[in-house]
Structure formats: structure tokens, C-alpha cells
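Shown next, in C-alpha cells, is the structure this report addresses.
Each reported figure results from applying straightforward, stated rules to the coordinates on display, with no laboratory input. All figures in this text were calculated on a predicted structure; none of them were measured in a lab. So basically every Cβ, Gly included, is an ideal-geometry build from the backbone, and we count neighbours across all protein chains shown.
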Amino acid sequence: MKNVGIIGCGDISGIYIKNLKGMFAEKVNVAGVCDVRRERALSRLTEYSAGKLYASAEELLADPAVDIAVNLTRPHEHFAVTRAALAAGKHVYSEKPLGATPEEGAELAALAEEKGLLLGCAPDTFLGAGIQTCRKLIDDGRIGDVVAASAFMTCRGHESWHPDPEFYYKKGGGPMLDMGPYYITALVALLGPVCAVSGVVKTSFATRTITSREKYGTEVIVDTPTHLAGTVEFECGAVGTVITSFDVHAAQLPKIEIYGSEGTLSVPDPNTFGGPVKLYLPQDGAFREQPLLYRYCENSRGLGVYDMVCHMEDGSPLRVGAPLALHALEVMTGFERSYNSGKYVQLGAKPPRPAPLEALLAT
Ligand SMILES: NC(=O)c1ccc[n+]([C@@H]2O[C@H](COP(=O)([O-])OP(=O)(O)OC[C@H]3O[C@@H](n4cnc5c(N)ncnc54)[C@H](O)[C@@H]3O)[C@@H](O)[C@H]2O)c1
């Protein structure tokens, strides 16, 4: 059993606390919560009986009872909070991305290593039943040799629903660092690491107007590209095409497809844990839905924290560790680096694919 302390009680914190106290309670205890906006922490505490109310992150990190700090702050705040937690001797699980730049991510990974601490990072959706089933189908050779992949995430941004959406348009935000982690991590989990990327990026609209309730009418200055088109060369030889955009009203694109020598795999939304997984084989002449072979079909956010705790307690493989998150961060920021430099960007360290989970059902 490990004690976790939640830093940041905003929009996403509810499902984390609910799942850590429910689905993962066998190995995880929520010791307490904090937020610079005290009323938010208090509201989560009341709603979920989430342990103790800490006055600040500093107070939470000074508590010897806390084993793992779960960093649910905004992307541009991840680095400082994670660094402080590691410096205080805590293991950390951070929401994505690991940092706003690869340099920030690398510094955090090095600090964790130096201190002998674990550093895990979201997303954990690739551990869900949908993507694990896709992985098994690929590993079992059902689509033959992988030729190519495509990944598309298009929407018109988050200002219509998120109560405080400014961070999506600031450093560490944008559609690639916000939604890209789901897509890039899923692709790496399915196909292995990336060797090189190239990209074109664009900021289509200089400002955004918030239309969600709390900050209705507030204008946000956009400081990050909001449309990105990239190509990805995988070490396995497959070629990927990626679009992430906050500038598109509607599209009829798939989320992720993997094209093989023997068929095509339609991968479910990597921002979810379940299906549908669909397989096209020429002999069938149509996409056929496949049974999900793993657990975690429902919203299982917090599964990454559980993965870390299992690794600490029984030595099972750590799937959500810093090498994967750092690789994803290098890929995601590589598109913009390529555009700014006019060059194809070669990637550095290439982590192995994270270990698969154990299947529930036999194929
Ligand atoms: N909202 C979603 O649907 C969603 C989904 C998946 C992942 N995420 C990720 O989760 C993270 C948080 O997103 P969110 O939507 O919950 O943001 P949010 O702005 O709603 O909440 C972040 C909270 O962190 C608090 N905070 C910031 N610095 C702090 C500090 N030093 N100490 C204590 N509290 C601090 C803020 O006051 C705020 O309440 C982001 O990385 C985001 O990408 C969000």
C-alpha cells in the first residue's frame, strides 16, 4: 500500500481521486490534497473524503507519510512542481506532458535517477483494454508487417467547455502537447520508438474567446501553434502521418489507423480506455469489431499511478516511466523544431516499447 498526495484539484482531479480511492484502493491510499486555490482542494476533499487538506504543495511534500506526489497542475506548472517533489524525496506521477520542453523533461528524469526515485507520467490510456488489444493483434501478426500509421486529433479547442482554458493556448499547451501525448504514446506502445520527425505548424487565430461559464467573454492571447501536420519515421520502418489541431470545426478523420501488409487496424480513441477495435482483412472485405481482451475498458485514469505502485511493490515492469514520457515529449516538440529549423529532426534515446499487460481472455 502506498500513500499518494494530490497536488492540483482542478478539472481532472475528480476522476483521479475517485479511481484511486475506488478501482485502485487495494494498493493506493489517498493521503490528502492541496491546491493554491484552497476552495478547490476543500471541495474535492468533501466530495471524496480524500484524506487531509494540506495548506500548500510544500506542506504536502514535507509530510513523511506521502510516498507519491500526483502532479495534476497545468502543463506549464508541471516542471516546478515535479522538481520540488523529487527534491523533497517523493516519487512522482505527473499529468502530461512531463515538462513543457524536452530540456525540462530531461532534467526531471535525471533528477529522479540521481535521487533513486520513480517518475511516472500520463497518459495511462495506452494501458486500457482498447490499445492493449490492438497491440496484441499487431504482435500476433494479424495485420502482417506494419507499413504505415495515421493519427488525427482535430477539434476547435477547449474554450467552450473547460472552466479555465487559458493554459491550452500557452507554453506547454497547444494541440500537440495537450492531446498529442495520447496519440504519440499509443503509437509508440503499438509500433515502438520513433527515429525522426518533420512537421509544419501554424497559429491560425491570434486570440480565443472563452465561452464556458466562469470566464465567459474573456479573451486569451494564443502563444502556441494550434495546427500541426507531421510525419513520423518509426524504428520498425513504418511511416506515420499526424495532424493535431485546435482550429478545425469538424472533420471525418479516424483517430488512429495502422496499415499492415495483411490488413488494417482501426484503433479506438487513445484518449479513452475502451474500444471499439476494428480489423479489416481483405478476405472479410469489411472492418470487423474485435473482442477486447484486457481489463480497464472504463475511464481508469489513475491506472498509471497503480502501475507505479505495482512496480514498487512486486517488481512488475514500470510501463509509465520517464523514458517513454521523455521520448513522447521529444517527438511532440520535434514537429515544431523541424518547422522552425527547416530540417528533419533525428530523435535521441529510444526507449523499448512498454511491456504489455496480461490478457484476460485467450484469442
Ligand atoms: N481537464 C481534462 O479533461 C484533462 C484530461 C486529461 C488530462 N488533463 C491534464 O491534467 C492537468 C490538469 O488539468 P486540469 O484541466 O485539471 O487543469 P485545472 O486548471 O482545472 O487544474 C489545475 C489546478 O492546479 C492548481 N495548481 C497549480 N499550481 C499549483 C501548485 N503549485 N500547488 C497546488 N495546486 C496548484 C490550480 O490552482 C488548479 O486548480 C493538465 O496537465 C492537463 O493537461 C486534463
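Counting only alpha carbon atoms, the long axis of helix 129-139 and the longest principal axis of the chain meet at about 40°. Against the empirical 2.2 N^0.38 Å (N residues), region 12-152 has a Cα radius of gyration ratio of 1.23. Considering helices alone, the calculated mean residue ellipticity of the chain at 222 nm is -10000 deg cm²/dmol, with DSSP H runs of length four and up weighted by -39500 (n - 2.57) and normalised per residue. Leu108 sits among other residues whose Cβ lies under 15 Å from its own Cβ, and their net charge, with Lys and Arg +1 and Asp and Glu -1, is -4.
Only aspartates and glutamates eight or more places from Lys115 in sequence, or on another chain, were considered; those with a Cα closer than 16 Å are Asp67, Glu107. Multiplying each eigenvalue of the alpha-carbon gyration tensor of the chain by 5 and taking the square root yields semi-axes of 31, 25, 20 Å, largest first, rounded to whole angstroms. Neighbour counts of C-beta atoms inside 10 Å place Tyr182, Tyr259 in the sequence Tyr259, Tyr182, starting with the fewest. Among Ile6, Ile138, Ile143, Ile131, a tally of other beta-carbon atoms within 10 Å of each Cβ gives an order, fewest to most, of Ile138, Ile143, Ile6, Ile131. On the beta carbon distance between Leu281 and Arg353, with R0 = 22 Å, the FRET formula returns roughly 0.40. What distance in nm separates the two pseudo spin-label positions at Lys52 and Ser204, each 7 Å out from Cα along the beta-carbon direction? Calculated label separation equals 4.9 nm.
Dipole magnitude for region 1-96: computed about the Cα centre from +1 point charges on Lys and Arg Cβ and -1 point charges on Asp and Glu Cβ, it is near 140 debye.
Given +1 at the Cβ of Lys and Arg, -1 at the Cβ of Asp and Glu and no other charges, the dipole of region 206-363 around its Cα centre is 200 debye to the nearest 20. I'd like to know which of Ala110, Ser56, Ala100 lies farthest towards the positive end of the charge dipole of region 37-126, counting +1 on Cβ of Lys and Arg and -1 on Cβ of Asp and Glu. Of Ala110, Ser56, Ala100, it is Ser56. Output the 0 to 90 degree angle, nearest 10, between the alpha-carbon long axis of helix 75-87 and the longest principal axis computed from the alpha carbons of the chain. Compared with the principal axis, the helix lies near 60 degrees. Where does the charge balance sit around Pro165 when Lys and Arg score +1, Asp and Glu -1, over other residues with C-beta under 13 Å from its C-beta? Charge balance near Pro165 sits at -1. Legend: ranking of residues Cys34, Cys297 from fewest to most surrounding C-beta atoms inside 10 Å; resulting order Cys297, Cys34.
Between Leu118, Leu253, Leu265, the residue with the greatest mean-square fluctuation in the GNM of the chain (Cα pairs under 10 Å linked by springs) is Leu253.
Under the convention that each Lys and Arg Cβ holds +1 and each Asp and Glu Cβ holds -1, the size of the dipole of the chain around its Cα centre is about 360 debye.
Please determine, in degrees from 0 to 90 and to the nearest 10, the orientation of helix 38-48 with respect to the longest principal axis defined by the Cα atoms of the chain, where the helix direction is its Cα long axis. The helix 38-48 is inclined about 70 degrees to the chain.
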